[in-house]
Each structure stands twice: as C-alpha cells, then as structure tokens.
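Enquirer: Structure below; questions to follow.
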Amino acid sequence: MGLLDFIRGLRKSDKEARILILGLDNSGKTCSLKCLAGEKEEISTVMPTQGFNIKSVQTGNVKLNVWDIGGQKAIRPYWPNYYKNADAIIYVVDSTDRNRFEEAGFELDCLLKDENLDGIPCLVFANKQDIPLIAASAAEIAKVLNLHAIKGRDWHIQACSAKTGQGLDEGIQWVLGKLDLVDSK
Ligand SMILES: Nc1nc2c(ncn2[C@@H]2O[C@H](COP(=O)(O)OP(=O)(O)OP(=O)(O)O)[C@@H](O)[C@H]2O)c(=O)[nH]1
Ligand SMILES: [Mg+2]
C-alpha cells in the first residue's frame with residue numbers, strides 16, 4: 001500500500017476521531033499507545049520516538065486514529081505540525097518525575113494556546129501509577145500543572161499505568177464521551 005492510500009485510509013467517517021498523544025520524553029506516550037492497541041507485551045522494548053507513530057485503535061464501533069509524537073526537546077518544535085484537525089489531545093505525564101512537572105506544565109500551557117487546538121477536549125494521563133510511593137497522585141499533578149485554570153475546553157485527569165493497563169480504557173471512554181462517539185461494544 002502506498003503512502004497516499006494509507007493517508008486516504010485515515011480519512012474520518014462519523015465513527016472516527018483523530019487523537020494526538022503529546023507529553024515530555026519518557027512520559028510513556030508510546031507505551032500507552034501500544035497498550036491501547038493491545039501490544040502490551042512489547043513495552044519493555046520501546047525506544048524513544050524520533051518522529052511519530054500512528055496507530056488505529058478500534059474501540060467498539062469507533063476507530064481512533066492515534067498520533068504519538070516524540071517528546072524530546074529537539075522534537076517539540078515540530079508538535080504544531082500535527083495539530084490541525086485533531087479532535088482531542090491526550091497529554092501524558094510521568095507521575096514519578098517530579099523534577100519535570102514544571103516543564104510538563106509549561107509545554108502543556110504552550111500547546112493549549114495554539115489556535116488549531118482551540119476548544120478540543122484534553123485528557124491528561126497521570127502515568128506510571130504502578131510505581132507506588134513514588135508516583136504523584138492525579139490530584140497532585142492536576143494542582144502542579146494548574147489544570148483547574150484551563151478555560152474553553154473540557155479536561156480530565158486520569159491516573160493510569162501503561163505497564164499494567166490500569167486507567168487507560170477509562171481515559172479513552174472519557175474522550176469518546178466528549179466527542180459524542182458512543183462506544184457500542
Ligand atoms: N513502570 C512504568 N514504566 C513505564 C510506564 N510507561 C512507560 N514506562 C517506561 O518509561 C519509558 C519511556 O516510555 P515511552 O513510552 O518510550 O515514553 P515516550 O513518552 O513515548 O517517550 P518519547 O518517545 O521519547 O517522547 C520506557 O522505559 C517505558 O518502559 C508505566 O506506566 N509504568
Ligand atoms: Mg515515544
């Protein structure tokens with residue numbers, strides 16, 4: 001299949017949505033996507049993403065075209081290239097990496113200011129909750145990232161683990177609800 005055929009295949013129908021997964025490097029974006037796509041066993045071998053990955057995730061009768069963009073500092077300037085026509089954002093935070101909560105909040109603020117993302121729902125994954133005692137709670141991350149100050153869009157924070165799968169489906173169901181995509185499994 002050629003590249004053009006592939007891109008055409010991503011064209012949206014009523015039961016499709018284009019979802020962006022963003023967040024700092026090492027936050028667990030690629031692992032979250034793999035887990036959502038049913039490839040959980042592969043997460044130990046995941047390498048830092050140099051560009052982006054796209055996967056179609058079927059949930060009930062809804063097809064999510066999920067774009068996972070590399071989060072390294074040198075790649076972040078390219079994030080806006082992917083914003084147009086996105087239906088929702090998933091922002092992944094490494095809940096154990098307290099030293100970088102401020103940086104995570106800064107990058108989230110920047111992207112939420114982009115007009116191409118105006119008004120679309122934002123789900124924050126408080127990832128790596130399988131590391132007890134070290135992981136900050138979703139409530140703590142919401143506070144540090146000042147999520148309560150978000151205006152003009154629906155947002156939600158979901159505690160999760162891309163390692164165990166905990167919380168990922170709940171987060172996706174929240175997104176589907178906000179997009180009016182009823183998941184009739
Ligand atoms: N314990 C634990 N480790 C995780 C979890 N999610 C990801 N990891 C680990 O964290 C590291 C980074 O995961 P990635 O999914 O590659 O992170 P990323 O956000 O895609 O990183 P970039 O592609 O560089 O932007 C890997 O070593 C994963 O195995 C999780 O929920 N729990
Ligand atoms: Mg990655």
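The values are calculated or read from the model by the stated rules, or taken from the named source; none is laboratory data. Quick caveat: nothing in here was measured; it's all calculated off a predicted structure. Surface areas here come from the heavy atoms of the whole protein model, side chains and all, with no ligands, DNA or RNA. Shrake-Rupley method; radii C 1.70, N 1.55, O 1.52, S 1.80 Å.
Enquirer: Quick one: grab the alpha carbon gyration tensor of the range 34-99, order the square roots of its eigenvalues as a ≥ b ≥ c, and give me rounded if a/c is under 1.5, else prolate or oblate depending on whether a/b is larger than b/c.
Expert: Working: a/c = 1.70, a/b = 1.15, b/c = 1.49.
Because a/c hits 1.5 or more and a/b fails to exceed b/c, the range 34-99 counts as oblate.
Enquirer: If you build the Cα gyration tensor of the chain and take the root of 5 times each eigenvalue, what three semi-axes come out, in whole angstrom, biggest first?
Expert: Each semi-axis is the square root of five times an eigenvalue, giving 23, 18, 17 Å.
Enquirer: I would also like to ask the following. Per-residue ellipticity at 222 nm for the chain, helices alone: DSSP H runs ≥ 4 residues times -39500 (n - 2.57), over residue total, nearest 500 deg cm²/dmol?
Expert: Details: 5 runs with 45 residues, N = 185.
Only helices count here, giving -7000 deg cm²/dmol.
Enquirer: Within the accessible area of the chain, what % is carbon and sulfur when the probe is 1.4 Å and the other protein chains stay in place?
Expert: After summing per-atom areas, the C and S share lands at 52 percent.
Enquirer: Here's a follow-up. When DSSP assigns beta bridges and you keep just the ones with both residues in the chain, what percent turn out antiparallel, to the nearest 5? Please list the in-between numbers first.
Expert: Numbers: 8 of 29 bridges.
If we restrict to bridges inside the chain, about 30 percent are antiparallel.
Enquirer: Pairs to check: K113/K163; K63/K143; K128/K178; K55/K178. Give those whose C-alpha atoms are more than 29 Å from each other in this structure.
Expert: Numbers: K113/K163 31 Å; K63/K143 32 Å; K128/K178 25 Å; K55/K178 21 Å.
Violating the 29 Å Cα-Cα cut-off are K113/K163; K63/K143.
Enquirer: The range 97-159 to the range 71-91: how many Å between their Cα centroids?
Expert: 15
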